[in-house]
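Contents: one structure, followed by commentary.
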């Protein structure tokens, strides 16, 4: 499966899509209210099929006639979303994980609805028909494969995006041969390669925080609810999206360059949540988790392999020359050290990179031998 994202042209017709998203939110909140009432009375989760039958009946009444503006398959998708959310909630409670049940959503913050087999049609060039209205979108590339679902989504700026989920029949790309490399993710240096090359942390949020502070001060001076307040809020959201786009572009370019250059990439399986608790904003600014997802996708697309080494593997403490384990290196403030056995001087990150590269090669060879047998 592959997903294509296209931005819709700004038009007065987009008000219809915004209205449909608002109706989807009202249906969602109505279903949540029924779930809460049913659980309060019977201590059970409401059956999804009963919920769908109920929505089919109330659509015919005058009070809820506006629900019928949204397609039946879109309404079914909303009930399926809620059903999945409740199943996940009860599963987490069973496993004693801290979580909360699905709750009501604000209409302005509700984002999307999904069309499955009917209700839309792709026309020539870059036009799309939804119900009886035609919309134009920025066509950056051709859609390949059979379209399974179309999701209409809006962001905090009020822009509309079309997400096409397609079933792709692309043939599997054969693996390439060449040198392997390890990448060590960090804060001061975003990526340290086992070859000694370093990619510095861009820190887009930190570099532009003075502008964000200025926009926040400007927003706080406006009267809440006024047109000036709305304009200032939109300006702030626009700037946040600009930072997000810069970070996203950096991630895609870096991941593609690594996947093109090295057929086997090893990295440590990081616990991002613990980083967020300790370092907070800096972890969110670098978005390491998003980068690893993009790198994994780029490797699969270009025929490379990404191997993740266990996070408890003592990569920083082991000497890559003789294998001596130095217990003093549990202190992360030590950035350079000399092995007391063989006398080799190490940079902490480069040494860890070499060790992870070796471990990644070992894990990859074990995986290949299992597949062959």
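Points to keep in mind about this one:
- Every condition in (1) under 26 Å from residue 157 (Cα atoms); (2) in a helix (DSSP H, G or I) is met by residue 3 except one, and the failing one is (2).
- Selection count, region 295-310, where residues are under 13 Å from residue 257 (Cα atoms) and buried (at least 18 other Cβ atoms within 10 Å of the Cβ): 5
- Subset of region 335-350 (residues that are over 36 Å from the mean Cα position of the chain (by Cα), surrounded by fewer than 16 Cβ atoms within 10 Å (Cβ to Cβ) and in contact (Cβ under 8 Å) with a residue 12 or more places away in the chain): 340, 341, 342, 344
- Top-ranked residue in region 311-334 [being loosely packed, with under 11 Cβ neighbours inside 10 Å and in a loop (DSSP other than H, G, I, E, B); ranked as modelled with the lowest pLDDT]: 332
- When each of 247, 311, 281 is tested for being in contact (Cβ under 8 Å) with a residue 24 or more places away in the chain and not assigned by TED's automatic domain parsing to the domain that holds residue 355, the lone residue that passes is 247.
- Any hit, region 54-71, residues being surrounded by 14 or more Cβ atoms within 10 Å (Cβ to Cβ), touching a strand residue (DSSP E or B) at 6+ places or on another chain (Cβ under 8 Å) and either part of a helix (DSSP H, G or I) or modelled with pLDDT under 85 (or both): no
- Test: residue 44 is at pLDDT 90 or above and loosely packed, with under 14 Cβ neighbours inside 10 Å: no
- A single member of 234, 258 is at pLDDT 85 or above and touching a strand residue (DSSP E or B) at 6+ places or on another chain (Cβ under 7 Å), and it is 258.
- Annotation: of all residues in region 72-95 being closer than 20 Å to residue 39 by Cβ and over 22 Å from the mean Cα position of the chain (by Cα), the one that is modelled with the highest pLDDT is 79.
The values are calculated or read from the model by the stated rules, or taken from the named source; none is laboratory data. Because the structure is predicted, anything quoted here is derived from the model rather than measured. With ideal geometry, Cβ positions are generated from the backbone for all residues, glycine too; neighbour counts draw on all protein chains shown.
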